[in-house]
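Worksheet: the structure to be examined is printed underneath.
What follows draws every value from the coordinates through simple rules; no lab data is involved. Here the structure is a predicted model, which is why all the values come from computation and not from measurement. Note that each Cβ is placed from the backbone with ideal geometry, even for glycine, and that neighbours are counted across all protein chains shown.
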Amino acid sequence: MSVAMEQNGGGAFDPALAGLLESLVGSRDAISASKEELDFLSNLLQSKELHALFKVYNSIVDRVRDDRRCSPVLSSSMQTTLDVMEVILPRIALSDTSRQLFQLLQNPHIQGLLCAHDAVAQKDYLPRLPDIPQEMDEDEETIKIVQLVKSTEPLGATIKTDEENG
């Protein structure tokens, strides 16, 4: 294996590829393949291109793991902002910085951003449908309420149940 690593430049040799290459070299006699096939696999496992692909793959996997660990610390940032505004309100006459912060926190774009943050943090992505009433007379006709959503515009439709087809 050390020969293979030296041939590849001895640099960052991926451990998974190193293990595969070591297994291939160690089991050459037990594998029923031609010398050409074994040499092809050996050269492939040592190729710079495959190592570059593994490096990219490992970078992507590491990034995805990091993203999964990144979760919101707070899911009520809008309420926290309102609390901060309540605290700094008496101080806006005394401090220019307090006044600027208060004005910034009142900005509709900032408040929209905080509301969006809270919706994502609470995983509140879908529109809520009204609860289905549990009290129904048997004589009443069954009506199903369906809500269709086109991007952000809720669309409503009422569908009556056909007695013959259900």
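Have a look at I60, P90, S75 and report the one farthest towards the positive end of the charge dipole of segment 51-114, computed about the Cα centre with Cβ charges (Lys/Arg +1, Asp/Glu -1).
I60
Hull surface divided by four, with the convex hull built on the Cα atoms of segment 77-121: how many nm²?
Details: hull surface 11.4 nm².
Mean projected area for segment 77-121: 2.9 nm², to one decimal.
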